[in-house]
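Read-outs throughout are calculated quantities, based only on the coordinates presented, and are distinct from any laboratory measurement. Predicted, not measured: the structure shown is a model, and the values here were computed from it. FYI the Cβ positions are ideal-geometry reconstructions off the backbone, even for glycines, and counts take in every protein chain you see.
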Protein chains: 2
Amino acid sequence: MAQPMEIICVGNELLIGKTLNTNAQWLAKRIATLGLSARRITIVGDDVDEISSAVQEAIQRNPRFLITTGGLGPTFDDKTLEGLAKALECKLEINEEALTMVKEKYRKYADEGKIKKAELTPPRVKMAKLPEGAKPLFNPVGTAPGVITEHGNITMLALPGVPSEMKAIFDGSVASLLKQVAGDATFFEMSIEATGVIESETAPLIERVMHDNPYVYIKSHPKGAERISRIEFHFSTTAKNSGVARKRVSKAFVQLSELIQEKGGKIKPIKAEN
Amino acid sequence: MAQPMEIICVGNELLIGKTLNTNAQWLAKRIATLGLSARRITIVGDDVDEISSAVQEAIQRNPRFLITTGGLGPTFDDKTLEGLAKALECKLEINEEALTMVKEKYRKYADEGKIKKAELTPPRVKMAKLPEGAKPLFNPVGTAPGVITEHGNITMLALPGVPSEMKAIFDGSVASLLKQVAGDATFFEMSIEATGVIESETAPLIERVMHDNPYVYIKSHPKGAERISRIEFHFSTTAKNSGVARKRVSKAFVQLSELIQEKGGKIKPIKAEN
């Protein structure tokens, strides 16, 4: 029911395990909370062909939104916009609005004495070269603007990889667009923890509760070693409003709790991990 | 030069941001350290068609190894092997070796008083249903065996999503296979931190050093706000042995340090972040 989205994270640092991909988790959580559904997350390196392929493959799956992170900075290996342009078969061109944003940032840094010269060197101009028809999104905490462009029914959003910049642009310019499309759709989740039962015993119980509650997704997460000591059961749903979402999850939660207790298990509610 | 690999992480919890994907980072780091190259990481939900599509798309790119994480447990939403079988156009069948592994685990748990009955219920048998021709990999810390199967030139490895189980099977059964293919190939990385320069100023310097050192990859990571206060420069290479790798990185590191100092920047070596 929820509108599908995709995320593409760009960066060699993610492919050599230098950096933990907290951006993907943060975005996925926000997307779910806003009532949309991240269907796939793809991580590729700083390579125009890899980025372009990943974007083209995502386009084939026709998500409502496609968000990229990373690769918008001034260095030569910041290649996301080049990859995006290649995928969309268009050129990169200097966007005047973006150039003004970049120019004003460096002027501000120079005024504050943080840098010596505010001049627009080629690496700085690079951050204002957007795919034809794209528009910049204001970056409140960094220099590289985000980028928005439409392709058929897909809204594409390119955000920086630096987490503080990615989050600031998302909150400032992206969240409201997503909410507009999601409407009143609401995501609701809760978790319970069971002890005294083992995962393989609870499998048929989950199946039964999900059969009786077709819009609630229940997933077991073994927490202790050997899938036997402690199990978290996570309930989630996306519904047309929060009342319906809560009611649905509560019903499934009560039913599963009773079934687990019948098997001799103990239940306690827990706060969902972040 | 390094043999290409792909990782597919399966789990709705990753797509709603409930779980931070530490598995992908851990695997990517180990793969790089072993001298291979993770080219792409794909995250999909607990859905047979999504898993199967992701596997088929990876097969098209012909990596030497494909590792999946997640979806091997006893519950109905553990669907990785079903997705794998669909992608490979083969059936799931009870593997006797895997069944023995599962049976012995539950017998052990029953002997230790951790569970009441060691019987092989359908959810337990499920963990021993592998794609035709596949073999199980011993799971030292959990019940679900890992799975290995060959497809053309691609070795496919399915590992559990529980991090302790994933790591134990990787270290026990997978690392040696990867090392055999990587041979003496060695990955080497180091980082320096610069202050007193800004990222856009250093862009042409990196480009020059990478031109002079074609096998060394250098990436700048702005650490402070606004890409201007602190920048980490990360150097990495994969070479035929560790002597060559270190020498290459050192040469590039010295050259870039000198160029940054000429611009008035200050340099200090830092330990790579994990």
Q: Report the longest stretch of chain B that contains none of the GluC sites (Glu not before Pro) sitting in a DSSP loop with at most 14 other Cβ atoms within 10 Å.
A: B:133-272
Q. Label point 7 Å out from residue A:179 along Cα-to-Cβ: which residues of the range A:150-168 have amide N under 17 Å?
A. A:167-168
(Q) What do you get for trypsin sites (Lys or Arg not before Pro) in the range A:1-82 restricted to DSSP loop and a cutoff of at most 13 other Cβ within 10 Å of the site's Cβ? (A) none
Q) What is the dipole size for the range A:186-270, taken about its Cα centre, with +1 at each Lys and Arg Cβ and -1 at each Asp and Glu Cβ, in debye to the nearest 20? A) 320 debye
Q: Name the residue farthest towards the positive end of the dipole of the range A:4-182 from the options A:178, A:65, A:44, assuming +1 on Cβ of Lys and Arg, -1 on Cβ of Asp and Glu, about the Cα centre.
A: A:178
Q.
Spelling out what I want: for every residue of the range B:207-220, take phi, set θ = phi - 60°, compute 6.51 cos²θ - 1.76 cosθ + 1.60 (Karplus), and round to whole Hz; glycine and proline get x.
A. 4, 5, 5, 5, 5, 6, 10, x, 9, 9, 9, 10, 10, 9
(Q) Which of A:34, A:66, A:14 ends up with the largest GNM mean-square fluctuation for chain A, with Cα atoms connected below 10 Å? (A) A:14
Q: Treating the angle as unsigned and between 0 and 90°, give the value, to the nearest 10°, between the Cα long axis of helix A:242-262 and the longest Cα principal axis of chain A.
A: 40 degrees
(Q) Explain nothing, just compute: Karplus ³J(HN,Hα) = 6.51 cos²θ - 1.76 cosθ + 1.60, θ = phi - 60°, for every residue of the range B:28-36 in order, whole Hz, x for Gly and Pro. (A) 4, 5, 5, 4, 4, 4, 6, x, 10
Q: Take peptide A:33-43, look around each residue's Cβ out to 10 angstrom, count Cβ atoms belonging to other protein chains, and average those counts.
A: 5
(Q) Between residue B:125 and residue B:258, what is the label-point separation in nm under the 7 Å Cα-to-beta-carbon projection? (A) 7.2 nm
Q: Rounded to the nearest Å, what's the spacing between the alpha carbon centres of the range B:175-221 and the range A:181-223? Just the number, please.
A: 44 Å
Q.
Taking R0 as 22 Å, what FRET efficiency do you get between residue A:153 and residue A:22 from their Cβ-Cβ distance, rounded to the nearest 0.05?
A. 0.15
Q | Most fluctuating residue given options B:231, B:115, B:169, as computed from a GNM of chain B linking Cα atoms under 10 Å | A | B:115
Q) How far apart, in nm, are two points set 7 Å out from the Cα along the Cα-to-Cβ line at residue B:93 and at residue A:110? A) 7.4 nm
Q: State whether the range A:6-68 is rounded, prolate or oblate according to the following rule on the C-alpha gyration tensor (a ≥ b ≥ c being the square roots of its eigenvalues): a/c under 1.5 gives rounded; otherwise a/b larger than b/c gives prolate, and the remaining case gives oblate.
A: oblate
Q. Under the Kirkwood approximation applied to all pairs of distinct alpha-carbon atoms, what is the hydrodynamic radius of chain B in Å?
A. 20.8 Å
Q) Could you give, in nm with one decimal, how far residue B:22 is from each other copy of that position, shortest first, with labels 7 Å out from Cα toward Cβ? A) 1.4
Q) For the protein assembly as shown, with only Lys/Arg (+1) and Asp/Glu (-1) charged at the beta-carbon, what is the dipole magnitude about the Cα centre, in debye rounded to 20? A) 1120 debye
Q: Report the relative contact order of the range B:55-190, percent, no decimals, based on alpha-carbon pairs under 8 angstrom and at least 6 residues apart.
A: 28 percent
Q: Mind checking B:6-19 for the average number of partner chain beta-carbons within 10 Å of each residue's beta-carbon?
A: 6
Q) In nanometres, what is the gap between the two model label sites at residue A:211 and residue B:60, each 7 Å from Cα along Cα-to-Cβ? A) 3.8 nm
Q: Of the options A:198, A:156, B:169, report the single residue whose Cα projects farthest towards the positive end of the charge dipole of the protein assembly as shown (beta-carbon charges: Lys, Arg +1; Asp, Glu -1).
A: A:198
Q.
On C-alpha positions alone, give me the angle between the axis of helix B:48-60 and the longest principal axis of chain B, in degrees, nearest 10.
A. 50 degrees
Q) For chain A, what is the charge dipole size about the Cα centre, in debye to the nearest 20, if Lys and Arg each add +1 at the Cβ and Asp and Glu each add -1 at the Cβ? A) 780 debye
**Q.** Reciprocal of mean inverse Cα separation for the range A:149-267 (Kirkwood radius, Å)
**A.** 16.7 Å
Q.
Taking θ = phi - 60°, what integer Hz values does the Karplus form 6.51 cos²θ - 1.76 cosθ + 1.60 yield along the range B:7-15, in sequence order, with x for Gly and Pro?
A. 10, 10, 9, 10, x, 4, 4, 7, 8
Q) Semi-axes, largest first, in whole Å: what does sqrt of 5 times each Cα gyration tensor eigenvalue give for the protein assembly as shown? A) 43, 29, 20
Q | Over chain B: helical MRE at 222 nm, DSSP H runs n ≥ 4 each giving -39500 (n - 2.57), nearest 500 | A | -12000 deg cm²/dmol
